[in-house]
Amino acid sequence: MSGERYSVLNDILLIIPAYNEEANIERVVETLIRDYPEYDYVVINDGSKDGTARICKERGFRLVDYPVNLGLAGAFQGGMKYAHEKGYKYAIQYDGDGQHDPRYIEEMLKAAKDEECDIVIGSRFVTEKKPWTARMLGSRLIGACIALTTGRRLKDPTSGMRLFNSRMISILANQVNYGPEPDTIAFLIRCGAKVRECQVSMNERTAGESYLKFGTSIKYMIRMCMSILFVQWFRKKV
């Protein structure tokens, strides 16, 4: 990465969807505030049943607080609407569980600016080899479906760390109602979006519980593959 950071105050927004992340959210946001004050952020509390909203309010974090759980798609679109209304040029989907590392944001932003990319994916497997685990097998299958339908090979299609430029922000805020999932990325590629991957490392979740257990991972893989192969053809291009 380059030695000097971009001056991006009020240029880029980190959208942090959070559902029952009371064990992580304070550490995640405090790290951003302390080490990366040039990045704006907003926590989208998606109807958490624990103390996520309370912690954010007590700490004075920027917060959009939904009283009910809308799911990741609803929280993500809410974040995109916030970014669009505030006029941000870039928005990053950034997990509230501490797995995403903010030191890679600058490199993703550089790729978006220098190469005029619409979407930059923080990929674990640009230079690193993808392991042959059950979960990564699902990632390979999803990637194969994307390649088959778009001609674009993505090495880490299930990565949740993604940067979107202002054109994508406007589309995701106002024109489509899809979640930040691989089938949406495939759809946007078919609509002409330019996508780039940057090598990143992900941290291990240290607290809380992931919603993607083995059973739900299998269902997720099947749903994504079916959507990419069949459903997206019925979506109106933007």
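The values are calculated or read from the model by the stated rules, or taken from the named source; none is laboratory data. None of these values were measured; they are calculated from a predicted model. Quick reminder, even Gly has a Cβ in these numbers, built from the backbone with ideal geometry, and neighbours come from all protein chains shown.
Somewhere in segment 22-34, is a residue of a type in the set (S, T, Y), in contact (Cβ under 8 Å) with a residue 24 or more places away in the chain, in contact with a strand residue (DSSP E or B) (Cβ under 6 Å, 6 or more places away or on another chain) and over 19 Å from I171 (Cα atoms)? There is no residue in segment 22-34 that is of a type in the set (S, T, Y), in contact (Cβ under 8 Å) with a residue 24 or more places away in the chain, in contact with a strand residue (DSSP E or B) (Cβ under 6 Å, 6 or more places away or on another chain) and over 19 Å from I171 (Cα atoms). With respect to (1) within 16 Å of the chain's Cα centre (by Cα); (2) surrounded by 20 or more Cβ atoms within 10 Å (Cβ to Cβ); (3) under 29 Å from M224 (Cα atoms), the lone exception for N24 is condition (1). Out of the residues in segment 144-157 meeting the condition of being in contact with a Pro (Cβ under 9 Å, 6 or more places away or on another chain) and touching a residue at least 40 places away in the same chain (Cβ under 8 Å), tell me which one is nearest to V238 (Cα to Cα). Only one residue fits best here, namely I146. Residue check: L172 meets all listed conditions (1) over 19 Å from the mean Cα position of the chain (by Cα); (2) not in a loop (DSSP other than H, G, I, E, B) but one, namely (1). In segment 83-95, the count of residues that are touching a His at 6+ places or on another chain (Cβ under 8 Å) and under 28 Å from N177 (Cβ atoms) is one or more.
Sub-6 Å Cβ pairs linking a first residue in segment 118-134 that is surrounded by 13 or more Cβ atoms within 10 Å (Cβ to Cβ) to a second residue that is β-branched (V, I, T) and part of a loop (DSSP other than H, G, I, E, B), at least 6 apart or interchain, are G122/V200, ordered by first then second residue.
Residues in segment 13-42 that are closer than 14 Å to A91 by Cβ and modelled with pLDDT of 95 or more: L13, L14, I15, I16, P17, D40, Y41, V42. Among the candidates M161, M136, M168, the residue that is closer than 21 Å to E38 by Cβ and of a type outside the set (S, T, Y) is uniquely M161. Put simply, of S166, S139 the only residue that is hydroxyl-bearing (S, T, Y), at pLDDT below 95 and either over 21 Å from Y104 (Cβ atoms) or more than 13 Å from the chain's Cα centre (by Cα) (or both) is S139. Restricting segment 102-136 to residues that are within 18 Å of the chain's Cα centre (by Cα) and of a type in the set (V, I, T), the residue that is farthest from S217 (Cα to Cα) is I105.
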